[in-house]
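The values are calculated or read from the model by the stated rules, or taken from the named source; none is laboratory data. Everything numeric here is computed off the predicted structure, so don't read it as measured data. Note that we place each Cβ from the backbone using ideal geometry, even for glycine, and neighbour counts take in every protein chain shown.
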């Protein structure tokens, strides 16, 4: 029996040694294996990101700068930095060796800090001393020394973290400047007098980011190698141009389509033979959209009471400020927070915008980017064209009690608008025609979103005219082009949930206790007001008996102070109980996460050992 116990004890020691050996070997051999148990898959890359990493042909260096010591007293940043680091390690692990991740902690006045500054990282001063900057950013470079940075990882942009990193990697893997073609009937690129010679501000701005090409109003050939095609207010496109646009999209070309039911930037003049007839100010793209099951109803303009701009108008008693329903300043819930094109925008201005409808049989999936509130309606275009009286529109306003889509992302498999082949006789491209394919586009039911009138104010600066943006209209366009000009994998990425997820039970306890605290606080305030009222009444009764009344007043004040002390004690007791409940729950959660699970595993192992010991005995 004694020998068996010795053998049993030796066996347990050997088992423990074996377990430790397995852990050491596993730690060395399986460092690339990662298990993400978060409910939102916070540390798991999306399929789009993984596909982009698989296609990397040249190495990219990722230098993650983080001032750990300087930011140690900022728990929110520290927690977020851990998430960023872990996600970057996941990128490196999934890249097949093409991403070289280096984690750098720059010390003040060090060479590493100089490199961070030279690379364009943003340092934040925590003490007010310029020499004590802290860094939390990423510098990426490719084999040809192209660089891109995330100057500082903003905590409020956590939902877009994967998108920002993947886009940075994609841009370095594809460093050539992206080509953007523009089809427009509007004078966006300027023109000869009297129409005016200056390009619209949006064109000048786009040229800073992209290689912009003016294709004219009706091109019969569209280069399939364009990164993105921007179509603005298409009118009277000839059959060859329509066919070219149809096939560009069906061959996989990305496009942003700006259409309008009343384009205020359209300078078309009335027909001299019919000067009393208004020229057509609406776009003509229904020949394409109808086949997609998408419609921008003719003659309808969106009006929104909650988003209407205030304008100067002529009232019955002279000039006045009022709301103009067709001109919209869209903020908050009007801008989708689930799409990277609009998620970081604060304000977009639109004017006499149309609305976007999707038929029930449409093959297109539609994702709203910009929409009105439910306090909106569809205004008849003629009411705007021939009257433009804000007061009349306000009096006739009857909300539809539903939102109206003003801009949307469209994706789906559609058929050609030319089932019988090229529209132009003798076209030699019949053999190349695509009859059906998936289309990926963004549709905007407004062209005035691009017009300087709605988003730019010009200021004079030392004799120069400097345009100043008053809304995020240009950001919307740049974001849309930037997003579509990436690969399909990049476009597929969506916002992710935040890593900071409060415990619901803790929050419930906090809310209940704070509610109780507020109720007692309000009761105290009511008693205070009642006492002050009594004091005022006593003062009004003043006169010869003022001394007696002052004594009564003193007793009332003393009584109130006693009650005040008592109530404050009760408030402190509520706060103390609140903290106790939260700490008690926190201790329980820590025990479950840190102690209970390992204890459970240890008990299982102990039970298995005892069972084997008894069997051998």
* Among the candidates 14, 35, single out the residue that is more than 26 Å from residue 148 (Cα to Cα) and either outside any helix (DSSP H, G or I) or at pLDDT 90 or above (or both). => 35
* **Unique residue being modelled with pLDDT under 95 and either surrounded by 23 or more Cβ atoms within 10 Å (Cβ to Cβ) or within 32 Å of the chain's Cα centre (by Cα) (or both) when the list is 257, 206, 215** => 206
* Asked: If the Cβ limit is 7 Å and pairs must be 6+ apart or interchain, which residue in the range 95-117 that is at positive phi pairs with which residue that is part of a loop (DSSP other than H, G, I, E, B)?
  -> 109/131
* Give the residues of the range 334-355 that are within 30 Å of residue 291 (Cβ to Cβ) and part of a loop (DSSP other than H, G, I, E, B), sorted by residue number. => 336, 338, 339, 340, 341, 342, 352, 353, 354, 355
* Asked: Just for strands (runs of 3 or more DSSP E) wholly inside the range 132-233: which have at least 2 residues that are assigned by TED's automatic domain parsing to the domain that holds residue 122 and farther than 27 Å from residue 433 by Cβ?
  -> 136-141, 147-150
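Only one of 319, 368, 326 is over 23 Å from residue 265 (Cβ atoms) and either assigned by TED's automatic domain parsing to the domain that holds residue 160 or at pLDDT 95 or above (or both); which?
Working: 319 fails: either assigned by TED's automatic domain parsing to the domain that holds residue 160 or at pLDDT 95 or above (or both); 326 fails: over 23 Å from residue 265 (Cβ atoms).
Of 319, 368, 326, the one residue that is over 23 Å from residue 265 (Cβ atoms) and either assigned by TED's automatic domain parsing to the domain that holds residue 160 or at pLDDT 95 or above (or both) is 368.
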* Of the numbered conditions (1) farther than 30 Å from residue 241 by Cα; (2) buried (at least 18 other Cβ atoms within 10 Å of the Cβ), residue 182 fails exactly one; give the number of that condition. => (1)
* Of the residues in the range 293-309, how many are more than 18 Å from residue 260 (Cβ to Cβ) and under 27 Å from the mean Cα position of the chain (by Cα)? -> 3
* **Within the range 38-123, helices (runs of 4 or more DSSP H) holding 3 or more residues that are touching a helix residue (DSSP H, G or I) at 6+ places or on another chain (Cβ under 9 Å) and assigned by TED's automatic domain parsing to the domain that holds residue 146** => 47-54, 75-94
* **Those residues of the range 350-372 which are at positive phi and surrounded by fewer than 23 Cβ atoms within 10 Å (Cβ to Cβ), in sequence order** => none
* Matching residues, the range 356-411, being without any contact (Cβ under 8 Å) to a residue 24 or more places away in the chain, outside any loop (DSSP other than H, G, I, E, B) and touching a helix residue (DSSP H, G or I) at 6+ places or on another chain (Cβ under 9 Å) -> 383, 392
